[in-house]
Amino acid sequence: MNRKHLLRAATAATVVLGVTGLSACSAAKTSSSSGSSGGSEAVTIAVPSWVGAEANAAVAKYILENELHTKVKLTQLDESVAFDALNSGKANVILEDWGGAPKKVKLYVDDKKSIISGGGLGVTGHIGWYIPKYLADEHPDITDYKNLNKYASLFKTAESGSKGQLLEGSPSYTTNDDALIKNLKLNLKTVYAGSEAAQITQIKESYKSKKPFISYWWTPQWLNSQLDLVEVKLPEYKKGCDSDPKKVACGYAQTPLQKYLGAGFAKNNPKAAQFLKNFNWTNAQQNEVAAMIADQKMSSDKAAEKWVKANPDVWKAWLPK
């Protein structure tokens, strides 16, 4: 998908429970050692810094280690750097790509062929602007972006000054929101919480006290099962409408999330590669594991173990034949 829509390709370290905190320049090289039971060489999974991606990696790690006897390393890398790491062999797989590095895909997948497609994750991502339902119930027309200026004063904070605050996550996320505000002539200002965890804290606090707020937000996200949020209708997304980041005046697409594998790794480790290609689950299943980690405060390993033991009918279909 040759577009630069909002991606949560953050480098913030929050909500990366259980993920090895390696920087882009220090990502560990893939080990050539085999698992204790003679499995494939170690697999290094690139994990972005949001909990849904951590859920993917935790479940894949548990199954690779316990069913395929393959050691797994998790390394926190943002989206663009993760493609560089797969190309160089410092990482082997990306389990959740939102399409925000089309130039890297063209370079490494299409041209150099050092990275191959691993197919779809099964999860469809969507980003938009959301408000609490209690606010939509009070002001039914607020769900249309054309009416946001009418209510902008409701969203004012000390950080946003005379404009309404549009709450964002991390400053390192790629987003079209500043362009949208400018091109749609909205009296809003983006204000960054700093991370997914900090953004969730602000949303939960505002929701509990019934305060008006508007936030960039996404699905799948485990918090959506606990809070009743309503998406604001932005101009309809059409292919190519966001190709020029400065001229974006449309909403965000429904994005089937993709997986990528290092070509050399896939060739030399066919069983592990086939499992990773087969790994495919739903938004609800990802949210279930993510909620265990972020909301129930379980370790990612324990959350993965609990989910795997409860869902053998799902993951056994992912195992290579």
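Taking the condition surrounded by 14 or more Cβ atoms within 10 Å (Cβ to Cβ) and either in a loop (DSSP other than H, G, I, E, B) or out of contact with any helix residue (DSSP H, G or I) (no Cβ under 6 Å at 6 or more places or on another chain) (or both), does residue 202 pass? Step through it out loud before you land on a result.
Values: surrounded by 14 or more Cβ atoms within 10 Å (Cβ to Cβ): yes; either in a loop (DSSP other than H, G, I, E, B) or out of contact with any helix residue (DSSP H, G or I) (no Cβ under 6 Å at 6 or more places or on another chain) (or both): yes.
In short, yes.
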- Whichever residue in the range 212-229 is outside any strand (DSSP E or B) and under 11 Å from the mean Cα position of the chain (by Cα) and, among such residues, is farthest from residue 154 (Cα to Cα): 220
- Among the residues of the range 185-199, the number that are in a loop (DSSP other than H, G, I, E, B) and either in contact (Cβ under 8 Å) with a residue 60 or more places away in the chain or surrounded by fewer than 18 Cβ atoms within 10 Å (Cβ to Cβ) (or both) is 4
- Query: So which residues in the range 12-51 are under 27 Å from residue 194 (Cβ atoms), at pLDDT below 95 and outside any loop (DSSP other than H, G, I, E, B)?
  - Reply: 20, 24, 25, 26, 51
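Among the strands (runs of 3 or more DSSP E) confined wholly to the range 80-170, which include 1 or more residues that are outside the structural domain of residue 218 (by TED's automatic domain parsing)?
93-97, 115-132
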- Selection from the range 185-206 of residues of a type in the set (Ser, Thr, Tyr) and more than 16 Å from residue 294 (Cβ to Cβ) yields 190, 192, 206
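Which one of 246, 277 is surrounded by fewer than 21 Cβ atoms within 10 Å (Cβ to Cβ), more than 16 Å from residue 121 (Cβ to Cβ) and either in contact (Cβ under 8 Å) with a residue 12 or more places away in the chain or not hydroxyl-bearing (Ser, Thr, Tyr) (or both)? Spell out the reasoning first.
Working: 277 fails: more than 16 Å from residue 121 (Cβ to Cβ).
Just one listed residue meets the conditions, 246.
Considering only the range 62-79, how many residues are closer than 29 Å to residue 310 by Cβ and in a loop (DSSP other than H, G, I, E, B)?
Of the residues in the range 62-79, the ones closer than 29 Å to residue 310 by Cβ are 62-76.
Going one step further and asking which of them are in a loop (DSSP other than H, G, I, E, B), we end up with 68-71.
Counting residues in the range 62-79 that are closer than 29 Å to residue 310 by Cβ and in a loop (DSSP other than H, G, I, E, B) gives 4.
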- Task: Pairs only if they're at least six apart or on different chains, beta carbon under 8 angstrom, first in the range 142-170 and surrounded by 18 or more Cβ atoms within 10 Å (Cβ to Cβ), second among the acidic types (Asp, Glu) and in a loop (DSSP other than H, G, I, E, B); list them, first residue then second.
- Result: 165/159
- Task: Tell me, yes or no, whether the range 252-274 has at least one residue that is farther than 16 Å from residue 98 by Cα, touching a Lys or Arg at 6+ places or on another chain (Cβ under 9 Å), in the same structural domain as residue 131 (by TED's automatic domain parsing) and buried (at least 16 other Cβ atoms within 10 Å of the Cβ).
- Result: no
- Query: Residues of the range 91-108 being of a type in the set (D, E, K, R), under 11 Å from residue 260 (Cβ atoms) and either touching a Ser or Thr at 6+ places or on another chain (Cβ under 8 Å) or surrounded by fewer than 19 Cβ atoms within 10 Å (Cβ to Cβ) (or both), which ones?
  - Reply: 104
- Message: Among the residues of the range 223-243, are any buried (at least 21 other Cβ atoms within 10 Å of the Cβ), touching a Gly at 6+ places or on another chain (Cβ under 8 Å) and either closer than 19 Å to residue 173 by Cα or free of Cβ contacts under 8 Å to residues at least 24 places away in the same chain (or both)?
- Response: no
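Might you check whether a residue that is within 30 Å of residue 204 (Cα to Cα) and of a type in the set (D, E, K, R) occurs anywhere in the range 263-274?
Taking the range 263-274 and keeping what is within 30 Å of residue 204 (Cα to Cα), we get none.
Looking for residues that are within 30 Å of residue 204 (Cα to Cα) and of a type in the set (D, E, K, R), one finds none in the range 263-274, hence no.
Considering each of 80, 88, 117 in turn, give the residue that is among the polar types (S, T, N, Q), more than 19 Å from the chain's Cα centre (by Cα) and surrounded by fewer than 24 Cβ atoms within 10 Å (Cβ to Cβ).
Details: 80 fails: more than 19 Å from the chain's Cα centre (by Cα); 117 fails: more than 19 Å from the chain's Cα centre (by Cα).
The conditions single out 88.
When only residues in the range 282-321 that are assigned to a loop (DSSP other than H, G, I, E, B) and under 20 Å from the mean Cα position of the chain (by Cα) count, which is surrounded by the most Cβ atoms within 10 Å (Cβ to Cβ)?
Initial filter on the range 282-321 (assigned to a loop (DSSP other than H, G, I, E, B)): 282, 295-299, 311, 319-321.
Of the ones still in play, those that are also under 20 Å from the mean Cα position of the chain (by Cα) are 282, 295-299.
Values: 282: 14, 295: 14, 296: 11, 297: 9, 298: 19, 299: 13.
Of everything passing the filter in the range 282-321, 298 is surrounded by the most Cβ atoms within 10 Å (Cβ to Cβ).
The values are calculated or read from the model by the stated rules, or taken from the named source; none is laboratory data. Just so it is clear, the model here is predicted, and its values are computed rather than measured. Methodologically, a virtual Cβ is constructed for each residue, glycine included, from the backbone with ideal geometry; neighbour enumeration extends over all protein chains shown.
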